[in-house]
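Input: a single structure, listed below in C-alpha cells.
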Amino acid sequence: MTAPLRVLRLIGSPRGADSESLRLSQRVIEALAASQPLAVQDLDVNDLPHVDARYALALASPAAAMHAEPGDTQQRSAALIRQLDDTDVLLIATPMHNYTLPSALKAWVDHIMRIGVTFNGTAQGKVGLLRDRPVYVAIASGGLISGEQARQPDFLRPYLQAALATVGLRDMHFFCVEGTARGGSALEQARAVAQARIAAFFGPG
Ligand SMILES: Cc1cc2nc3c(=O)[nH]c(=O)nc-3n(C[C@H](O)[C@H](O)[C@H](O)COP(=O)(O)O)c2cc1C
C-alpha cells in the first residue's frame, strides 16, 4: 500500500470556517486526494505567539541558543521546523492583509527561518537547508491582485516566495480567489476561476 502523502496546511485566516482562503485550500486538498491518499495536518497559525527577546538573543548568539527551556520560543521553533521537515507538501491558506501576509503567518515564518538551522549565511547570500518540496498557496483577497484591473500592490506572493526560497522551498504554486469583497455572483465567478486553475494544474487525477 502507498504511504499517504503528508500535507501540512497552515491556516492564516482568523475567520475560521467562513474563510475564503481555507475554502480554496480545501479545493487543493481535493485535487491532491484524487491521485493519492493524504495525511493532512492542520496548523492554525493564529494560535502562535510572536517571537520574543530570548529568541532574538538565541539567534544572535550560539551560546544563548544552548539554553533552550521547555515551552520557550526556541523549543517551539524547533518543533515547527521538525513539523515542516516531516511533510511532503506544504499548503498555505492565507488572506491578503494590507497588501501582504497576515501577521500570524509572519509569526510562523519568524519561527522557521533560523540561521544555522534552516539556512546558512554565506558570502554569496543565504543558502537554504531544507529539502525542496511542493508548496501550494491558496490566497483570498478582497480586491484584485492580478492583471490590469489590480489597483493595489501585492507583497504577499513575492514575500512568501523569497522567504521560503531562503530555507530551500522553491517549488511554489499560487492559486487565488480575488475580489471577495464584491460578494454575490462576482465571488462565485472568482471561485470558479480559481477552481479551474486548480483543475488545470493538477489534471483529472
Ligand atoms: C486586516 C485586513 C486587511 C485587509 N487588507 C486587504 C488588502 O490589502 N487587500 C485586499 O485585497 N483585501 C484586503 N483585505 C480583505 C481580505 O483579503 C478578504 O476579505 C479575504 O477574502 C479574506 O480571506 P479569508 O476569508 O480567508 O479570511 C483585508 C482584510 C482584513 C481583515
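Considering the range 1-23 alone, what residues qualify as being over 20 Å from Lys106 (Cβ atoms) and either within 15 Å of the chain's Cα centre (by Cα) or surrounded by 14 or more Cβ atoms within 10 Å (Cβ to Cβ) (or both)? Residues satisfying the conditions are Leu5, Arg6, Val7, Arg23. Pairs meeting the criteria (first residue in the range 90-111 and open to solvent by 10 Å² or more (accessible area, probe 1.4 Å) and hydroxyl-bearing (Ser, Thr, Tyr), second residue away from the ligand (no atom under 11 Å from the Cβ) and part of a helix (DSSP H, G or I), beta carbons under 7 Å, at least 6 apart or on different chains) are Thr100/Tyr159.
Residue check: Pro37 meets all listed conditions (1) at positive phi; (2) out of contact with any helix residue (DSSP H, G or I) (no Cβ under 9 Å at 6 or more places or on another chain) but one, namely (1).
Listed by position, the helices (runs of 4 or more DSSP H) inside the range 1-80 whose residues that are at pLDDT below 95 and away from the ligand (no atom under 16 Å from the Cβ) number at least 2 are 53-60, 62-65.
Restricting attention to the range 123-170, the residues that are open to solvent by 60 Å² or more (accessible area, probe 1.4 Å) and of a type in the set (Ser, Thr, Tyr) add up to 1.
The values are calculated or read from the model by the stated rules, or taken from the named source; none is laboratory data. Because the structure is a prediction, the values reported are computed rather than measured. With ideal geometry, Cβ positions are generated from the backbone for all residues, glycine too; neighbour counts draw on all protein chains shown. Areas reflect the complete protein model, heavy atoms only, side chains present, ligands, DNA and RNA absent. Shrake-Rupley method; radii C 1.70, N 1.55, O 1.52, S 1.80 Å.
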